[in-house]
Structure formats: C-alpha cells, structure tokens
Amino acid sequence: VGDSTDIVNKEMYTFIKEERTLTLRPEGTAGVVRAFIEQGLHRQSKPVKLCYTGAMFRYERPQEGRQRQFNQIGLEQLGIDTPQSDVEVILLALEALKRLGITNTTLHLNSVGTAEDRLGFMEALKELLRPHLPGLCDDCKRRFEQNPIRMLDCKVPTCKQLYDSPLVLDFLDTFAWSEATTSHFKTVCSLLSTLNVAFVKNPKLVRGLDYYTGTVFEITTDLLGSQGAVCGGGRYNNLVEVLGGPATPAIGWAMGVERLAKLANISLTPPVVMVGIGSKPAVLLALAQWFREEHPNHIVEVDLTTKALNKQLQQAQKRGASSVFIVGDDEWVQGMYALKNLETGEQVLLSLPEIVKHLTL
Ligand code: HAM
C-alpha cells in the first residue's frame, strides 16, 4: 500500500501478540495479490479475475459515512494491460451501481503514469511548489519530501486553494507524460466516449494508495455529504512484482458497502424476530429453526424464559427486535400466530405462510 500513505502512516490498527506485530487490513488489494502469488494463481490463464468482500479497518477520524470498521466489495483483474481492459473493469463498476439503482454518480478519471514517469512528474511538481512550501500545512510539508503527488489531495483550505489555482492546474494540464502513458489514457477516454459513458477528467485525482500506475478512477455522488466516494480503483502494474511475484499488470476497484447501502436505501441490519411466549420449548425451537431455514436473512432469537408476556416484549425491544412472533398453546393448536410489530404496536393473527409473506414485505 506504501509507507508514505496516510493509510499506513496514520491509520493502521497495529497490535503486538506474542512478539508478533499484527495489523488489521485497511484494504483488500494487497491481500489479493499476496494470495495470487502464494496460491500460484499466476500460472492460470490470463486474465485472472478475482473478487472479495469483507471488513476493513482504518483509524481515521470517524464522521458520517466514514467508519473505522467498514466493509468493501472489490474486484481485481490480473494479467492484462490494455486500455480496453481498463474500460471493461470501469464498466463493471458502473453496471453494479446501476443494478443497485444508484445512478446519480460521476466517474472521475486520471492517469498517474508509470513509476518512471511519476519520478519526473514529482520532480517537476516539487520545483513548482517549492516557493510556496512555507505557507502549506505540516502534512503537505511531509508529503513534499516523501510523496509530493499526494499533496494534490490535501483538504486544508490554504493548500487546496493553491492546488486549485491556475499555476497548478495549468502545470497538470500541460505536463508531458511518456508516449505510452499518454496513448493508453487517450484510448481509455475515447473508448468510454464511444460507449457513451460520461466521465470527468480530473488531473488532481491521485488516490490514497501508492501502488497505482496509469489509469486511476473514482465514482462519486453528491448524496453522501463530504464522504462522496462510492468506488475507487485503478491500475497497479508493479504490485505483484513488488510483493515477490512475476511481473503481472493488474487493475481493480473497491466499493464501500455501507455507502452503497445508504444510497440504495438498503438496511444492513436484518429485522430481529423473537419467537416467544409458549409453554412448549420444543415448539418454539422447531418454529425458530423452520424460520431460520426459510428466511436466512432474518436474525431469529428464541425467548425460552417463562417471564410474563410484557417482560418478554420489553426484552425483545431492548434487543432491537422489529417484530415478535407470539406462540402460545392456543395458537399452536389453531395454527394461527400473533405477530406483533414493535415499532407500530400493531398485532395481527396469521398462519405460518402468511407470517413469512408479511415479514418479507
Ligand atoms: P479506497 O478508495 O481506499 O480504495 O476505498 C474504496 C472505497 O471504500 C471508497 O470509495 C469508499 O466507498 C470505501 N471506504 C474507504 N474508506 C472508508 C471508510 N473509512 N468508511 C466507509 N467507507 C470507506 C481501495 O481500498 C483500493 N483497494 C481499491 C482498489 C482495488 N484499487 C485497485 N483495486
């Protein structure tokens, strides 16, 4: 991910266990590449296409839409280095968003050049910014020495003002990348245009991880406040080699699941259904088991205490249950059960199939 990135410098969750230093992963790409090398996936026919989902950890300042523990879904395509494959991977991100009903987004695109290209770029950027260094924030002063390209991403108003000024924007516009970088990026842009995919060229898009080479992109929305990035990704042609594998070009992206859920209006916490109030524990357990099998996306808990009904309802409420499924002896005999909605207080008498339908809605 890179020593000089914020993710590694400031945001790692590291702890020591029996003299080993362990770190919770902040992202998935480095781990996918390690698996690719260790499991010999590079011997498979190319491109190798992988995807993942899981929890990531970054010790950032928490705010709306930015958590210290969050989930990502991501994909990586390894073994091919063409502008067409860049477009294929970007299209897949847009298609995933479209299927979730998330359409109000902007695709930002840039190229950060090859590793060799970037050395020249960073030298030229340093020359340009050196006279302004005293007025910049401490992070930018550090980045100036360690990784000047990341200065462009600074959110401190005085720094941002400089990076948004014609001095810097003209420099970014006219910097002469190598022929290979320029033509790769041009082809990506023209192919996207041919396919009627709207995008914004954003020369300030540098991404927060060091492994990128060439095409980088982000998909953003205005609907999430300051944390508007839904998807981020790009090409990383050197990472497999840096981590000890054979030289393998690659590209991928990741999306924040919580941000997706918010945009698509999907609740990530399934309703809790408490099955309770019955004198026959075997009946309760059998019903709960049946429910779990029918409805794997519901959390089902059984209250096997013999407390009074109102005590059990209170307990269910504390547990965050949305509905309580009331099973008493009479109900069991009649085959009709009371389903109480704890949010509205409404109680209805339903048969089992009706209950399933009711909760699915
Ligand atoms: P990233 O841009 O750091 O890229 O993260 C990808 C997405 O994860 C972001 O666009 C955002 O939706 C979500 N995300 C990041 N940090 C947080 C947070 N603190 N809270 C909530 N959501 C968050 C990567 O991680 C790269 N590994 C992507 C990639 C794959 N590049 C190439 N292949």
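Within the stretch 328-335, is even one residue in contact (Cβ under 8 Å) with a residue 24 or more places away in the chain, within 39 Å of the chain's Cα centre (by Cα) and within 19 Å of PHE291 (Cβ to Cβ)? Checked the stretch 328-335: no residue is in contact (Cβ under 8 Å) with a residue 24 or more places away in the chain, within 39 Å of the chain's Cα centre (by Cα) and within 19 Å of PHE291 (Cβ to Cβ). Annotation note: of VAL206, VAL188, the sole residue that is within 25 Å of MET255 (Cα to Cα), part of a helix (DSSP H, G or I) and within 16 Å of the ligand (Cβ to nearest atom) is VAL188. Here VAL273 fulfils each of the conditions (1) in a strand (DSSP E or B); (2) modelled with pLDDT of 85 or more apart from (2). For the stretch 317-339, the condition holds for at least one residue, the condition being that it is in a helix (DSSP H, G or I) and over 20 Å from PRO281 (Cα atoms). Any residue at all in the stretch 31-40 that's in contact (Cβ under 8 Å) with a residue 12 or more places away in the chain, in a loop (DSSP other than H, G, I, E, B) and open to solvent by 60 Å² or more (accessible area, probe 1.4 Å)? Checked the stretch 31-40: no residue is in contact (Cβ under 8 Å) with a residue 12 or more places away in the chain, in a loop (DSSP other than H, G, I, E, B) and open to solvent by 60 Å² or more (accessible area, probe 1.4 Å).
Number of residues in the stretch 65-99 that are open to solvent by 70 Å² or more (accessible area, probe 1.4 Å) and more than 28 Å from THR187 (Cβ to Cβ): the value is 2. Note on the stretch 6-34: among residues that are within 9 Å of the ligand (Cβ to nearest atom) and out of contact with any Gly (no Cβ under 7 Å at 6 or more places or on another chain), the one that is nearest to PRO47 (Cα to Cα) is VAL32. Of all residues in the stretch 198-232, those satisfying the criterion of being within 16 Å of MET151 (Cα to Cα), hydrophobic (A, V, I, L, M, F, W, C) and in contact with a Leu (Cβ under 9 Å, 6 or more places away or on another chain) are LEU205, VAL206. In the stretch 11-30, the qualifying residues are those that are in a loop (DSSP other than H, G, I, E, B) and open to solvent by less than 100 Å² (accessible area, probe 1.4 Å), and the one that is nearest to ALA247 (Cα to Cα) is GLY28.
The condition of being farther than 18 Å from SER267 by Cβ and buried (at least 16 other Cβ atoms within 10 Å of the Cβ) holds for only one of VAL324, VAL333, that being VAL324. Considering the stretch 45-64 alone, what residues qualify as being surrounded by 17 or more Cβ atoms within 10 Å (Cβ to Cβ) and either away from the ligand (no atom under 12 Å from the Cβ) or closer than 21 Å to SER226 by Cβ (or both)? Passing the criteria: PRO47, VAL48, MET56, PHE57, ARG58.
Yes or no, residue by residue, for (1) modelled with pLDDT under 95; (2) open to solvent by less than 60 Å² (accessible area, probe 1.4 Å); (3) within 12 Å of the ligand (Cβ to nearest atom):
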residue: ALA176; (1), (2), (3): yes, no, no
residue: THR182; (1), (2), (3): no, yes, no
residue: ASN196; (1), (2), (3): no, no, no
residue: ILE219; (1), (2), (3): no, yes, yes
residue: GLN227; (1), (2), (3): yes, yes, yes
residue: CYS231; (1), (2), (3): no, yes, yes
residue: GLY234; (1), (2), (3): no, yes, yes
residue: GLU241; (1), (2), (3): no, no, no
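The values are calculated or read from the model by the stated rules, or taken from the named source; none is laboratory data. None of these values were measured; they are calculated from a predicted model. When we count neighbours, we look across all protein chains shown, and the Cβ atoms used for this are built from the backbone with ideal geometry, even at glycine. Accessible surface is based on the protein model in full, side chains and every heavy atom, while ligands, DNA and RNA are left aside. Shrake-Rupley method; radii C 1.70, N 1.55, O 1.52, S 1.80 Å.
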